[in-house]
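A quick write-up on the structure given underneath.
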Amino acid sequence: MRRAVILVLLLFGMQLILPLGVRPEGAPSLLTFGFLILAAYTVGEIAVVARLPKVVGYLVAGILFGPDVLVVVTESAMRELAPVSQLAIALIAFLAGAELQIDEVRKRGMTILKMLGVEMLLTFVSVFALVFALGELVPFLDDTTTPERVAFSLLFASLAVVHSPAVTIAILSETKAGGPVARTSLGIVLVSDVVVVVLFSATLAIARGLAPTPGAEVGLSAGAVAWEIFGALLVGAILGGVVALYLRFVRRELLMFGVVVTFFGAELARLAHVETLLTLLTAGFVMENATKTGGEALRHALERSAAPVFVVFFALAGAAMQLDQVAAFWPLVVPIVLVRGASIWGGTLLGGRWAGAGAPERRHVWTGLIAQAGVAIGLAAVVAAAYPVRGVALQTFFLAVMAINQTIGPIVYRQALVKSGEVRGEGEPGEEPGEEPGEEPGPEPGEAPPIPRPAAT
């Protein structure tokens, strides 16, 4: 009740302040930023009382105060706050890379690759088949030839396989989970961002051959794709090496230095035309594994300061959800969401068996792959730019699908972490973290303990 009263008072205060402004397009972005920090955090605390992830609370706050409901956060304010989202993505990538220990990568690398490969292939094929079968019922396939239907179904499937590292990391930060389910799901979502860039580029090239559009932007060449991936590894490694040297010989003003590094890294990636997330992920990985103590100090400094940025990031993601489109397309959106979820579940189960993964990973890792955001939005925008008519319709329809995945993903993932016993104090009776009833203990003698998760939220 106290939190609900706080939320009402915040909204009432904004309504009193807004008439004092002189901007016809809405409240100043700084005022909106402050309001979102307080309001979204409050809704997040209410979500905890309801035994839901805080991330869901932040998303709900964005929906509630966004352009589709109470219009406290206007579209102009969202555009002005875009740098906050960019900073959040950069911080997420850098902190995620800093969580990857080289020994952990060596140990779980094949498991991650096999589970990701089977899951992504099954999801891509299943979603493509469903969308193609729906045909003209889908808005962007209305009145298309067979080659065009194949092309746009392929493009939609290439967007459907994208995951959300931001949501996965946020849930792990909140729950402090660090067992095999948490580690494997984190590894999969991080590696998937690299794979989807290559897959999408190849799919777009095929689509252009099947459905050419006069005047559309030129697609990425093989060389451009290779540079975007391998160039990101090179730039990120250099940046991570510089950070490691700073931590070894200077180690002062770590908070300010960390923020500057993430901003500089994102801008450097943009200027070099390489993948931003992969660049900062590599920088964090190199930094963490090239220094023994300084990396942890920098990571903790960033974690303490990043919480407000993450809160606003997810609130803005909620505000960007188009509820009217979800309502208009729900008879088509729901089957696609279900088929995608079932494919992810089946793919991780088969891939886990192939890799010899433990029972907790085979049963629960799929829940960490449901949510979508970030890269998926950017790739959908590329489709819209390549195909000004049908691409825009595809983008709108995909955002409706993504809105549901982004909402239910954190809920099912947190429940799976609790069920697998990796959330301290909330495991099922008789279970230990990372174990299933009747299974052998997870960690073997001499095995590295679970790595700590960043406390971003």
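Roughly speaking, what is the stretch gain from Arg251 to Ala272, that is 0.36 nm per residue apart minus the C-alpha to C-alpha distance, in nm to one decimal?
Full extension from Arg251 to Ala272 adds 4.8 nm.
Over the Cα atoms of segment 11-126, Rg to Rh with Kirkwood Rh, two decimal places?
Looking at segment 11-126, the ratio lands at 1.14.
Under 13 Å from the Cβ of Phe94, count the other residues' Cβ atoms, weight Lys and Arg +1, Asp and Glu -1, and hand me the total. Show your work: numbers first, answer last.
Values: positive: Arg299; negative: Glu99, Glu288, Glu303.
Net of charged neighbours comes to -2.
State the extension gain, in nm to one decimal, for the chain segment bounded by Val260 and Ala328, taking 0.36 nm per residue of separation less the distance between their alpha-carbons. Intermediate values should be presented prior to the final figure.
Working: separation 68, 0.36 × 68 = 24.48 nm, distance 4.30 nm.
Length gained between Val260 and Ala328: 20.2 nm.
From the backbone phi of segment 417-423, what are the Karplus-calculated ³J(HN,Hα) couplings (6.51 cos²θ - 1.76 cosθ + 1.60, θ = phi - 60°) in whole Hz, Gly and Pro given as x?
Once θ is set to phi - 60°, the couplings for segment 417-423 become 5, 5, 5, 7, x, 9, 9 Hz.
For segment 122-238, what size does the Cα cloud have along each of its three principal axes, sorted from largest down, in whole Å?
Each principal axis gives a Cα extent; for segment 122-238 these are 50, 35, 20 Å.
Just how many % of Cα pairs in segment 343-390 lie over 13 Å apart, if you round to the nearest whole percent?
64 percent
Please report the net charge: other residues with Cβ closer than 15 Å to the Cβ of Gly44, K and R +1, D and E -1.
Result for the neighbourhood of Gly44: +3.
Note down the net charge around Asp143, summing +1 for each Lys or Arg and -1 for each Asp or Glu among other residues with Cβ under 12 Å from its Cβ.
In short, -1.
If you look at just the Cα atoms of segment 183-275, how large are its Rg and its Dmax in Å?
Here Rg and the maximum Cα pair distance are 17.6, 56 Å.
Solvent-accessible area per residue for the chain at a 1.4 Å probe radius, Å²?
Averaged over the residues of the chain, the accessible area is 43 Å².
If you scale each eigenvalue of the Cα gyration tensor by 5 and take the root, what three semi-axes come out for segment 279-370, rounded to whole angstrom and sorted largest first?
Calculated on Cα positions only, the semi-axes equal 33, 26, 10 Å.
Which of the listed residues, Thr291, Phe314, Thr276, is farthest toward the dipole's positive end in segment 268-379, when Lys, Arg count +1 and Asp, Glu count -1 at the beta-carbon?
It is Thr291.
At 7 Å along Cα-to-Cβ for each site, give me the label-to-label distance between Arg2 and Arg51 in nm.
Calculated label separation equals 2.3 nm.
To the nearest 10 square angstrom, what accessible area does Leu298 show with a 1.4 Å probe?
We get 0 Å² for Leu298.
Which listed residue (Ala205, Pro147, Ala157) has the Cα farthest towards the positive end of the charge dipole for segment 146-238, taking +1 on Lys and Arg C-beta and -1 on Asp and Glu C-beta about the Cα centre?
Going by the Cα projections, it comes out as Ala157.
Over segment 122-213, with every protein chain in place, what whole percent of the accessible area is carbon and sulfur at 1.4 Å, could you tell me?
Carbon with sulfur: 69 percent of the solvent-accessible area.
With only alpha-carbon atoms counted, please give the Rg and Dmax of segment 122-178, in Å.
16.3, 51
With the full set of protein chains in place, find how many percent of the accessible area of segment 319-394 is carbon and sulfur; take the probe as 1.4 Å.
Of the solvent-accessible surface of segment 319-394, carbon and sulfur hold 72 percent.
Calculated FRET efficiency, Ala381 and Leu70, Cβ-Cβ r, R0 22 Å, to nearest 0.05?
Here the calculated transfer efficiency is 0.25.
Work from the charge dipole of segment 24-86 (Cβ charges, +1 for Lys and Arg, -1 for Asp and Glu, about the Cα centre) and give the residue of Ser76, Ile63, Thr42 farthest towards its positive end.
So the residue furthest toward the plus end is Thr42.
If you rank Trp227, Trp354 by how much accessible surface each has, with a 1.4 Å probe, what is the order from largest down?
The ordering from most to least exposed comes out as Trp354, Trp227.
Is it possible to state the helix-based mean residue ellipticity at 222 nm for the chain, with each DSSP H run of 4+ residues giving -39500 (n - 2.57), the sum divided by total residues, to the nearest 500 deg cm²/dmol? What is it?
Mean residue ellipticity at 222 nm (helix-derived): -24000 deg cm²/dmol.
Leaving ligands and nucleic acids out of the surface, order Arg414, Arg251, Arg390 by accessible area at 1.4 Å, largest first.
Heavy-atom accessible area, descending, gives Arg251, Arg390, Arg414.
So how much slack lies between Ile17 and Leu134, counting 0.36 nm per residue of separation and subtracting their Cα-Cα distance, in nm? Please report the intermediate quantities before stating the final value.
Details: separation 117, 0.36 × 117 = 42.12 nm, distance 4.92 nm.
So the extension gain works out to 37.2 nm.
Can you give the Kirkwood hydrodynamic radius of segment 214-366 from its Cα pairs, in Å with one decimal?
Radius from the Kirkwood sum: 19.3 Å.
Treat each spin label as a single point 7 Å out from the Cα along the C-beta direction, and report the Leu9 to Arg353 distance in nm.
It works out to 5.7 nm between the two label points.
Roughly how many debye, to the nearest 20, is the charge dipole of the chain about its Cα centre, given +1 on each Lys and Arg Cβ, -1 on each Asp and Glu Cβ, and no other charges?
Details: 30 positive and 36 negative charges, 112 e Å.
Taking the Cα centre of the chain as origin, the dipole is about 540 debye.
Take the chain, drop everything but the C-alpha atoms, weight them equally and run the Debye formula without solvent; then report log10 I(q)/I(0) at 0.11 Å⁻¹ to two decimals.
So the normalised log intensities work out to -0.90.
The values are calculated or read from the model by the stated rules, or taken from the named source; none is laboratory data. Computed from a predicted model, the values in this text were never measured in an experiment. Positions of Cβ are generated from backbone atoms using ideal geometry, with glycine treated the same way; all protein chains shown enter the neighbour counts. Keep in mind that these areas ignore ligands, DNA and RNA; they rest on the heavy atoms of the full protein, side chains included. Shrake-Rupley method; radii C 1.70, N 1.55, O 1.52, S 1.80 Å.
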